[in-house]
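Notes follow the structure.
The values are calculated or read from the model by the stated rules, or taken from the named source; none is laboratory data. Note that this is a predicted model, so its numbers are computed, not measured. Backbone-built Cβ (ideal geometry, glycine too); neighbour counts: all protein chains shown.
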Amino acid sequence: MQVNPRIVEQMVVSLDTVKKHVSHLLGKLGAANRTEAVTRARQLGLIPQLTARHKIPGGTIVPRSRSARGWPRPGRTRSCTR
């Protein structure tokens, strides 16, 4: 199964949003692909080295709650200054 559609399904964002974020991350890390990005992020100490306790069976993506991502609660709006 492709990764982007899994992210879209589990994180409740559009495919274009996922592609944009992945593209920006690759650019900021100077990586040509996701594997290079992970390697570079580990070298920079941005993510930990994997050990047996970090692995998730089946490679499941564990989404955070909407509030953990900083989204406003339903019925509330966020002002934008950009």
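Among (1) loosely packed, with under 12 Cβ neighbours inside 10 Å; (2) modelled with pLDDT of 60 or more; (3) part of a helix (DSSP H, G or I), which single condition is P48 missing? For P48, the exception is condition (3).
Pairs linking a residue in region 5-26 that is on the phi > 0 side of the Ramachandran plot to a residue that is part of a helix (DSSP H, G or I) and of a type in the set (S, T, Y), with Cβ atoms under 7 Å and 6 or more positions apart or on different chains, do not occur. Take the residues in region 15-45 that are among the charged types (D, E, K, R) and more than 15 Å from N4 (Cβ to Cβ); name whichever of them is modelled with the lowest pLDDT. The residue in question is R42.
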